[in-house]
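Sharing a structure here in structure tokens format.
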Amino acid sequence: MNEILLINASGVDKPGVTRAITQVLADVSARILDIGQAVIHDTLALGILVELRIAPEIRAQLLEKIQRATEPLGIQVRFQTVTPESYDHWAVQQGKTRHIVTLLARQVDATMIAELTTVTSRHGLNIDTINRLSGRVPLAELTAEEASRSNACVEFSVRGTPADMAALRADFMELSAQLNIDVAFQRDTVYRRNRRLVCFDMDSTLIDAEVIDELAKAAGVGELVAEITEAAMRGELDFKQSFARRMALLKGLDESVLAGIAAQLRLNEGAEKLISTLKKLGYKTAILSGGFNYFGRYLQNKLGIDYVYANELDIVDGKVTGEVKGIVVDGKRKAELLEMLAKQEGIALEQVIAVGDGANDLPMLSVAGLGVAFRAKPLVKASAEHNISNLGLDAILYLLGFRERDKL
């Protein structure tokens, strides 16, 4: 006689619970169809779905043995018979497309979870598992500085295919704006935790500055250049044309100022932690920048970045000429360089992550397997598939499924 039995065990978590139940099941050669466990604040929830091929009188003895085995451990056990029809329906559901929804915030509250799950439910997505990826939350009140640097991340594994992907993303964008959170939605594929190359924009992505604006300040044309830079990053001006206009304003700048500007560059929040973790995990990293090689190489030496491709300032007799050498690194060139590096490393584009903030980053964000707009301009936020606006760069590790304890 075949029976499908669901065993639910709950109580204070302690060693030996799973062993106690499965040893009894082993005596009747039970087949495990599914098993899962979660622990929340030392409280265990264990589920085991088994197929039994035993007589009714043996079944009663089996359930009694399980109760006796778990009673000394303080565990409560419930049993539920599952019909073959119900099991078959559940098994078919497991083959559905899966996605990962990642909630990122400084601190997570119930409203965020309620609103996010309202969106997923409205679009026909069913939650299978929920995991907290960030560290445990201290009870002590955080200072304003601590709160501004705290990280919270909850990951939802969902199944199903939204009927209208654009509408789902629009709902997540609206939710992000309302609650000051970031919500990432991505297909759960084999590539998700098998990325191998991360390509960064430099200015306003890795560093909290636009270097060309800093050079312009030193040249006494700061406001003029900053206005052009902002318009270009918003996508209002063609990058090459705006770049040429800005470079012309730098003509005559003394080369000696470069070192001082480089030494004062500030990394964006989480940059150092992200890159050190990526390096220790064996990832390759690259800077693909419409800025300048001088500063890219400075960061390369500081952070241990593998590749740098940026514009080469033309300097004659110790003065900036207002020109650059070679091919200008614009948006199209960034995408080409990303594809070149992927081929060079022998990896698929799905294994590449691109991170940027400006309109000239959109081409590389679109060709990478995971494109992330970081604290980006409105046009870029609306166009990119993934946005991080409220946390630091190291939040990218959460999108890959890494927990806080995995950060090195």
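The values are calculated or read from the model by the stated rules, or taken from the named source; none is laboratory data. Since the model is a prediction, treat every value here as computed from it, not as a measurement. For neighbour counting, all protein chains shown are included, and Cβ atoms are generated from backbone atoms with ideal geometry for every residue, glycine included. Side chains are part of the model used for accessible areas, which takes the heavy atoms of the whole protein and leaves out ligands, DNA and RNA. Shrake-Rupley method; radii C 1.70, N 1.55, O 1.52, S 1.80 Å.
Using the eigenvalues of the Cα gyration tensor, what equivalent ellipsoid semi-axes result for the chain when each is taken as the square root of five times the eigenvalue, whole Å, largest first? Could you put the intermediate results ahead of the total?
Working: eigenvalues 569, 84, 73 Å².
Value: 53, 20, 19 Å, ordered largest first.
Using Cα-Cα distances under 8 Å and only pairs 6 or more residues apart, what relative contact order does the stretch 254-408 have, in percent?
20 percent
log₁₀ I(q)/I(0) of the stretch 72-158 at q = 0.11, 0.14, 0.17, 0.22 Å⁻¹, via Debye over equal Cα point scatterers, no solvent, to two decimals?
Scattering profile of the stretch 72-158, log10 relative to I(0): -0.52, -0.74, -0.90, -1.07.
So, one more: Mean separation of Cα pairs under 8 Å and 6+ residues apart, divided by the residue count of the chain: what relative contact order is that in percent?
Computed over the chain, the figure is 15 percent.
Pull out a ≥ b ≥ c, the square roots of the eigenvalues of the alpha-carbon gyration tensor of the stretch 1-159, then state rounded if a/c is under 1.5, prolate if not and a/b is larger than b/c, and oblate in the remaining case.
Values: a/c = 3.61, a/b = 1.67, b/c = 2.16.
Since a/c reaches 1.5 but b/c is at least a/b, the shape of the stretch 1-159 is classed as oblate.
So what's the net charge close to A263: Lys and Arg +1, Asp and Glu -1, counting the other residues with Cβ under 12 Å from its Cβ?
Spelling it out: positives minus negatives among the neighbours equals +1.
Accessible area per residue, 1.4 Å probe, Å², for the chain: what's the number?
That works out to 49 Å² per residue.
Which percent of the accessible heavy-atom area of the stretch 1-119 goes to carbon and sulfur, probe 1.4 angstrom?
Whole-percent figure for carbon plus sulfur exposure: 53.
List the longest stretch of the chain that has no exposed loop site; here a site is one of the GluC sites (Glu not before Pro) assigned by DSSP to anything other than H, G, I, E or B, with at most 16 other Cβ within 10 Å.
Longest stretch, sites excluded: 1-140.
Can you figure out the FRET efficiency of E272 with Y87, using R₀ = 35 Å and their beta-carbon distance, to the nearest 0.05? Could the numbers behind the result be given before it?
Values: r = 50 Å, r/R0 = 1.43.
Using R0 = 35 Å, I get an efficiency of 0.10.
Determine ³J(HN,Hα), in whole Hz, for all residues of the stretch 60-76 in sequence, where each value follows from phi through the Karplus function 6.51 cos²θ - 1.76 cosθ + 1.60 and θ = phi - 60°; x replaces Gly and Pro.
Taking θ as phi minus 60°, the curve returns 4, 5, 4, 5, 5, 5, 5, 4, 5, 5, 9, 4, x, 8, x, 9, 8 Hz for the stretch 60-76.
Please compute, for the alpha-carbon atoms of the stretch 144-262, the extent along each of the three principal axes and give them in descending order in Å.
For the stretch 144-262, the Cα spread along each principal axis is 60, 36, 34 Å.
To test your reading of the geometry: what angle, between 0 and 90 degrees and rounded to tens, separates the Cα axis of helix 271-280 from the longest principal axis of the chain?
Compared with the principal axis, the helix lies near 60 degrees.
Tell me the Kirkwood hydrodynamic radius of the stretch 211-323 in angstroms, computed as one over the mean inverse distance between distinct C-alpha pairs. Could the numbers behind the result be given before it?
Numbers: mean 1/r = 0.0660 Å⁻¹.
Mean inverse Cα-Cα distance, inverted, gives 15.1 Å.
Now a separate question. So what is the relative contact order of the stretch 1-135, in percent, for Cα pairs below 8 Å that sit 6 or more residues apart?
Working: 139 pairs, mean separation 40.8, N = 135.
Result for the stretch 1-135 is 30 percent.
Let me ask something additional. Using modelled backbone amide H atoms (1.01 Å from N, in-plane), which distant-in-sequence or interchain residues come within less than 5 Å of A354's amide H?
Correct list: C199, L370, G371, V372.
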